[in-house]
Ligand code: SF4
């Protein structure tokens, strides 16, 4: 019988250590942070986020008052296409002011599908991004999967991931939904451990399987 997901997560935690989110978990702040770096990574977004906070501020009114050129100047710290990312910040801040009276969290009301739909209207937020906001923002304990490495759990359970990203994401999401309690703590822990493992060892190309703490129970490794 294969190892339970709880057992796999325990092994990953023993190996990598407990994980914490390295991004703001408030829904509005996450939307801003997400556009602070490109290509998006925790490190690039953190650099742009720090510069934005120092040079402009992150509140909707501060972003709208600053204007595109000043925003782009701050966002350069996060990498490429700062002008485009500045426009996205203006779009986010405008929508939060106009449609949510400046308070996104309190405006995210209604059924879960409606809240998800509202989040997906923001630029660059598709299903995985909406799931991440819902889970880490404490809105709903949905089975979110790290968007940059949905293959990790699929490899462990089934073997090589599918070519279709959406199918791989769904397969990983079903496994988390079936095998973790629908609770914020359990699902944020699963997300963070799978994300870190995907970044450190179970990379999309050339995974470092020999070093992996779960290789004995990994279908990909034992195929
Ligand atoms: S054994 Fe290799 S494929 Fe399996 S989880 Fe570890 S790194 Fe990923």
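Readers should treat all values here as calculations from the given coordinates under stated rules, not as data from a laboratory. As the structure is a computational prediction, the values presented were derived from the model and not from experiment. With ideal geometry, Cβ positions are generated from the backbone for all residues, glycine too; neighbour counts draw on all protein chains shown.
Brief remarks follow.
- Extension gain for the segment residue 147 to residue 26, taken as residue separation times 0.36 nm less the Cα-Cα distance, is 41.7 nm to one decimal.
- Fluctuation leader among 120, 20, 97 - the chain, Gaussian network, Cα springs under 10 angstrom: 20
- Region 76-168: C-alpha gyration tensor shape, a/c 1.5 cut-off, then a/b vs b/c: oblate
- Label point distance in nm, residue 105-residue 165, each placed 7 Å from Cα along Cα→Cβ: 3.0 nm
- Residue-span extension gain [residue 6 to residue 158] - 0.36 nm each, minus C-alpha spacing: 53.0 nm
- The fewest-to-most ranking of 174, 121 by surrounding Cβ atoms within 10 Å reads 121, 174.
- Mean residue ellipticity (222 nm) of the chain, computed from DSSP H runs ≥ 4 via -39,500 (n - 2.57), nearest 500: -17500 deg cm²/dmol
- Separation of alpha-carbon centers, region 147-223 and region 32-74, rounded to whole Å: 31 Å
- Put in line by how crowded their Cβ is, counting other Cβ atoms within 10 Å and starting with the fewest, 84, 194, 75 read 84, 194, 75.
- In a fully extended conformation the segment linking residue 83 and residue 16 would gain 20.4 nm over its present Cα-Cα distance, using 0.36 nm per residue.
- Among 36, 45, 212: highest mean-square fluctuation, GNM of the chain, C-alpha pairs under 10 Å: 212
- Helix 165-179 vs. the chain, principal-axis angle (Cα, 0 to 90°, nearest 10): 70 degrees
- The angle between the Cα long axis of helix 5-16 and the longest principal axis of the Cα atoms of the chain comes to about 70 degrees, rounded to the nearest 10.
- Relative to the dominant Cα principal axis of the chain, helix 127-136 is inclined by about 90°.
- At R0 = 45 Å, FRET efficiency that the Cβ-Cβ distance of residue 76 and residue 215 yields, to 0.05: 0.60
- Modelled spin labels at residue 41 and residue 206, positioned 7 Å past Cα toward Cβ, are 1.5 nm from each other.
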